[in-house]
Amino acid sequence: MKRPRLSLTPEHWMRFLVSPLMGIGSYQAVVATTPQANIDRLVRESGHQPFVIGFVVCLVAAAVTVEINIAVSRWLDRFLKWDEQPLRRAGIQLLTILALTGVISLIAPRVYFWLSPMPDALEGNVPWAMVKNSIVGLLSTLIGTGIYLAMSFFHHWKTKSLEAEQYKVAAAEAQIEALKAQLDPHFMFNSLNTLTELVEINSSKSLDFLKSFGQVYRYVLQTREHESVTLQEELDFADSYLFLLKTRFGEALQVEKNVAETDLEKHLPPMTLQLLLENAVKHNVLTASKPLQVRLSSDGKWLTVQNNLQPKSSKGYSSGIGLKNITERMLRLTGQEPIVENGDGFFTVKIPLQ
């Protein structure tokens, strides 16, 4: 499964948005805290060059601070994940970044005054200006780091949520495929047994049986990738499957269909009818004198499959795979479970139609 990718990472936002804003904000704060008289004198004696240099120094210092943030975050990702100890991670990252960028806050003002010496009349203000500018740099770093921590945590949470969703979908698809795969061996085994008996009894009908068997198994293969099919498709398939069963059981199996035409385009999981018909045949006695009677009907919301109860004296082992299979797939398709009723001489299963 591919790791989900979000369009913009915190690193992108920090480099292309937060970094310039930090630089501009720092510059504005430095200018705003400088007495207007000093600004006027600096303009008169040095022009606008000191302000341009100061602006560039602020931008570079902000960019370096952001890169330190990113480097520290990646380093911590190796041994202290966000989802393990988020508060400890945030605290360590914040303190580490403040310690490292504190050096930047001390160096940047010195670089500025080295590149743009003050006029003699303002030399006495340099020490205070350096302290003030360092404090501005630290506050800017604190704000930028806080933004980065919040963005990193949200990005990590969002990525984990997407991964969890992808794993959930992948697991659901794998489970559906596993449930579908349970049908094929059992279905193949029963059909081949029927064909073997038919060849021995009446070889002239074996070709018709093979043709129907091919149609049935083609449907199985075609619907392996489908989570649902229309009721019309499922009924057409059931006709072919019932031909196989009636070839074997004759009048011992009787089927009545009373399905509303308005329900034919509604959906249900593929192979649902095959499972229910197979279970009915497997667990009941079928004889000409005591035929198994199966009735298919619909009422707009449910497809009902009902058969009279003629349980075999020895049921043998039953894993319940068929009904469990249908239940799992119906829950995923409609959020509803089939209704199973066993009493009054009938076994009834109601399948929700989507």
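The values are calculated or read from the model by the stated rules, or taken from the named source; none is laboratory data. None of these values were measured; they are calculated from a predicted model.
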> Looking at this structure, is residue 160 within 22 Å of residue 55 (Cα to Cα), assigned to a helix (DSSP H, G or I), basic (Lys, Arg) and modelled with pLDDT of 75 or more?
Replying inline: no
> Do we have any residue at all in the range 7-18 that's within 23 Å of residue 131 (Cα to Cα) and part of a helix (DSSP H, G or I)?
Replying inline: no
